Structure formats: structure tokens, C-alpha cells
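Below: one structure, written as C-alpha cells.
Read-outs throughout are calculated quantities, based only on the coordinates presented, and are distinct from any laboratory measurement. Predicted, not measured: the structure shown is a model, and the values here were computed from it. FYI the Cβ positions are ideal-geometry reconstructions off the backbone, even for glycines, and counts take in every protein chain you see.
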Amino acid sequence: MEKTDLNRRTFEFSVNTIKFLKNIRNSKENDVVKYQLSRSASSVGANYEEAQGAYSKDDFKYKIGLCLKEARESHYWLRIVKAVGINESQILDSLIQEAMELSKIFATMLKNMRGV
């Protein structure tokens, strides 16, 4: 996968998640989930953008580690949305899938960097 593809995917994941959250009604419980999910989903792409400007291999590795953590957290909150019935849609299922795939991509990147 090329960097530009991952740039696009992480950006679109953030945008699509924020658009999805606009369709969830406001309540005390939902607002907590919406806030946490919007932060983690947008952080995936933001940290990947920062990784592109890393000043060292260690800095790059650290930022990719943050991408992995935020993608996993997003996956968690999306599953919460589905499990408690806040929203059940194909869009939600595609976001869950994308969060899982991004997690796998970043985990593989970190695994490949272990010897670097």
C-alpha cells in the first residue's frame, strides 16, 4: 500500500465517522460515545499525517504506534455503538470494518519496523 492510499483512507475514515456521528441523537450517554469516537477517529489520520513529517525513525515508529492505538480505540467505540443499539446501519458496519483494517495495517507496519 502506498502512503497516498493510507493518507486517503485515514482522512476518509475520520470524515466518514464524523458524518456518521451527526446522525446519532444527542443524549448524555450518546454524547460521551460521540465525543470519544470523534476524537479517536480523527486522531488516526492526524497522527498518520504527523508521522509523514517525523524527524527520526523512532519518532515515525512512535506516531505509527499512536495510529494503531487510536484505530483500535475507534474500533472499540464503534462496536459499542452497535452493541447498545445507538445505530445499526451499513455505514456503521463499514466503519467497524475500516477501523479493524486500519488497525491491522498499522500493526503490520510496527511489526515490520521492529528490526529497523
I need V32, V81, V44 ordered by Cβ neighbour count within 10 Å, fewest first. V32, V81, V44
Please identify the helices of the chain, taking whole runs of DSSP H, that span at least 24 Å along their own axis as judged from the Cα atoms and have a mean Kyte-Doolittle score of -0.5 or higher. 3-21, 90-113
Can you classify segment 1-59 as rounded, prolate or oblate using the Cα gyration tensor, where a ≥ b ≥ c are the square roots of its eigenvalues, rounded means a/c under 1.5, and otherwise it's prolate if a/b beats b/c and oblate if not? oblate
Once every DSSP H run of n ≥ 4 in the chain is given -39500 (n - 2.57) and the sum is divided by its residues, what mean residue ellipticity at 222 nm do you get, rounded to the nearest 500 deg cm²/dmol? -29000 deg cm²/dmol
I18, I64, I96 arranged by Cβ crowding within 10 Å, fewest neighbours leading: I18, I96, I64
Quote the FRET efficiency, to the nearest 0.05, computed for D59 versus T108 with a Förster distance R0 of 22 Å and r equal to the Cβ-Cβ distance. 0.70
Straight-distance crosslink candidates among lysines, where the alpha carbon sits under 30 Å from K63 and sequence neighbours closer than 8 are dropped: K3, K19, K22, K34, K82, K104, K111
13 Å beta-carbon shell around I91, net charge (K/R +1, D/E -1): -1
Treating only the Cβ atoms of Lys and Arg (+1) and Asp and Glu (-1) as charged, compute the dipole magnitude of the chain about its Cα centre; round to the nearest 20 debye. 180
Suppose the chain between N30 and E101 were pulled fully straight at 0.36 nm per residue; how much longer would it get relative to their current alpha carbon spacing? 23.1 nm
Answer in debye to the nearest 20: the dipole magnitude of segment 54-116 about its Cα centre, from +1 Lys/Arg and -1 Asp/Glu charges placed on Cβ, is 340
